[in-house]
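Data first, discussion second: the structure below is written as structure tokens.
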Amino acid sequence: MLAPNAHLTYPHCNGFHEGGERVALVRYDAGAVRIVSVRWNGPSRDERTLHTVPGRVGSEDEPAWFDIARDSGRLAIVVGNVLQVADPDDALEAVWSPPAGHTLDKLVSLSADGSRVAVTTAAGTVWSGWQVDVATNRATLLFQKPWYANHIHYCPHDERWIAFSKEGPALETPDRVWSWHPDTAPAGRNALDQHAISDTPGAFVAVGHERWCHHDTAALVVGYGAGEARPRGLYLTYADDRPPRLVSSGERYWHCDISRDGRYAVVDTSGPSDAPGRGWQNAGNVSDILLIDLETGGSRKLARTAATRHPWHPHPVFTPPGDAILHNHLTSAARGVAVLPL
């Protein structure tokens with residue numbers, strides 16, 4: 001176990017820093033949240049605390065998430081409805097508070113250089129997307145929607161594109177995946193026609209847990225096994241006019257990540273990957289970690305773990321070089337983060 005009693009940040013956020021040699025994780029102490037940094041690959045784990053955030057920033061009932069800018073190492077997190085950032089070796093500082101009546105979503109995204117933060121806020125039934133300039137502490141309103149908009153993150157391949165999701169029950173949401181662009185999609189637009197990919201007349205493929213790519217202006221999206229429409233599995237969908245395509249069939253895919261070169265994907269599963277059924281049928285508390293070859297669509301099981309509610313979903317992610325996968329690991333005796341060398 002790499003780090004007992006600690007968990008990864010959300011999969012479409014980044015926890016790797018210092019050239020990818022270290023990963024930042026979350027620990028819950030009495031009355032505080034600690035963000036710790038661990039050397040994930042080497043003879044010594046060399047754990048150190050990056051930030052101790054007092055108060056109810058998060059807990060195992062309401063997990064804390066953060067993002068780290070890939071190039072600068074700047075960290076962003078929501079603390080008490082205030083967006084805060086910290087440069088390496090510096091303390092957290094307040095950058096932006098939303099307008100009165102707005103509540104910040106916990107999932108935020110930093111641009112690669114750390115100069116901008118994408119966030120969403122809720123005010124009654126209206127959700128707004130914002131881009132915050134860290135140097136000036138000013139926010140620009142990007143879009144507003146009459147539904148729960150979250151999972152905002154910059155497309156790593158082209159940060160002019162900002163992804164967000166229409167949150168809600170997957171089996172009732174036919175337009176989950178959204179993207180925003182200042183010129184070609186200034187109001188935001190749906191990035192996946194879930195009816196068009198369905199082979200069931202009148203039905204749509206239930207999807208979610210999208211993760212936008214480093215190698216293309218595209219997103220990897222899970223077609224859930226719980227949905228009635230097929231085909232189910234992993235899809236690539238695009239910000240431009242290219243049609244979406246199924247890249248791997250699967251009946252239990254749950255969360256996903258993609259290597260930076262676009263060659264491989266990793267998923268966890270809703271139940272044993274070799275058990276009969278689909279979705280959560282015969283699932284128990286089991287989740288498998290599968291490596292998927294995106295050229296062939298084939299999969300290989302790397303590990304088996306357990307899964308309960310957040311934050312103890314497996315949430316597998318590739319290291320920046322793609323030479324290992326990290327995931328939250330849960331057993332009857334221990335919990336923490338595991339490393340799977342490739």
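Odds and ends about this structure:
- Some residue of region 225-238 being among the acidic types (Asp, Glu) and over 19 Å from the mean Cα position of the chain (by Cα): yes
- Selected residue (only one of Val126, Val117 is surrounded by fewer than 20 Cβ atoms within 10 Å (Cβ to Cβ) and either of a type in the set (A, V, I, L, M, F, W, C) or within 23 Å of Gly73 (Cβ to Cβ) (or both)): Val126
- The set of residues in region 229-243 being of a type outside the set (A, V, I, L, M, F, W, C) and closer than 15 Å to Gly297 by Cα consists of Pro231, Arg232, Gly233, Tyr235.
- When region 224-264 is filtered for residues that are in contact with a Leu (Cβ under 9 Å, 6 or more places away or on another chain), under 22 Å from Ile162 (Cβ atoms), surrounded by 23 or more Cβ atoms within 10 Å (Cβ to Cβ) and of a type in the set (A, V, I, L, M, F, W, C), the ones remaining, listed by number, are Cys256, Ile258.
- Counting only strands (runs of 3 or more DSSP E) that sit completely within region 27-116, those holding 1 or more residues that are acidic (Asp, Glu) and farther than 20 Å from Ala3 by Cα correspond to 93-96.
- A Cβ distance below 7 Å, combined with a sequence gap of six or more or placement on separate chains, defines the contacts here; from region 319-330, residues that are more than 23 Å from Pro63 (Cβ to Cβ) reach residues that are modelled with pLDDT under 95 and of a type in the set (S, T, N, Q) in the pairs Ala324/Asn41.
- Criterion violated by Ala139 - all others in (1) open to solvent by 60 Å² or more (accessible area, probe 1.4 Å); (2) in a strand (DSSP E or B) satisfied: (1)
- Test: residue in region 48-65 that is modelled with pLDDT of 90 or more, open to solvent by 10 Å² or more (accessible area, probe 1.4 Å) and over 21 Å from Val95 (Cα atoms): yes
- Filter result for Val26 (surrounded by fewer than 19 Cβ atoms within 10 Å (Cβ to Cβ) and modelled with pLDDT of 90 or more): no
- Conditions (1) in contact with a strand residue (DSSP E or B) (Cβ under 7 Å, 6 or more places away or on another chain); (2) surrounded by fewer than 16 Cβ atoms within 10 Å (Cβ to Cβ); (3) at pLDDT 95 or above; number of the one not met by Asp71: (1)
- Flag set for His157, criterion: part of a loop (DSSP other than H, G, I, E, B), within 28 Å of Leu83 (Cα to Cα) and in contact (Cβ under 8 Å) with a residue 60 or more places away in the chain.
- Qualifying residue in region 286-295 (condition: of a type outside the set (Asp, Glu), open to solvent by 40 Å² or more (accessible area, probe 1.4 Å) and assigned to a strand (DSSP E or B)): yes
- Region 154-193, residues that are among the β-branched types (Val, Ile, Thr) and either open to solvent by 30 Å² or more (accessible area, probe 1.4 Å) or within 15 Å of the chain's Cα centre (by Cα) (or both): Ile162, Val177, Thr184
- Residue count for region 3-19 under the criterion of being more than 17 Å from the chain's Cα centre (by Cα), open to solvent by 10 Å² or more (accessible area, probe 1.4 Å) and not polar (S, T, N, Q): the result is 3.
- Test: residue in region 215-223 that is open to solvent by 10 Å² or more (accessible area, probe 1.4 Å) and of a type in the set (D, E, K, R): yes
- Some residue of region 305-316 being of a type outside the set (S, T, N, Q), assigned to a strand (DSSP E or B) and surrounded by 15 or more Cβ atoms within 10 Å (Cβ to Cβ): yes
- Restricting attention to region 317-340 and to residues that are modelled with pLDDT of 95 or more, open to solvent by 10 Å² or more (accessible area, probe 1.4 Å) and not small (Gly, Ala, Ser), the residue that is nearest to His255 (Cα to Cα) turns out to be Val317.
- Of all residues in region 239-253, those that are acidic (Asp, Glu) have Cβ atoms under 6 Å from Cβ atoms of residues that are open to solvent by 10 Å² or more (accessible area, probe 1.4 Å) and modelled with pLDDT of 95 or more, 6 or more apart or on another chain, in Glu251/Arg232; Glu251/Arg278.
The values are calculated or read from the model by the stated rules, or taken from the named source; none is laboratory data. No experiment lies behind these values; they were computed from the predicted model shown. Don't worry about glycine lacking a Cβ; one is built from the backbone with ideal geometry, like all the others, and counts go over all protein chains shown. Keep in mind that these areas ignore ligands, DNA and RNA; they rest on the heavy atoms of the full protein, side chains included. Shrake-Rupley method; radii C 1.70, N 1.55, O 1.52, S 1.80 Å.
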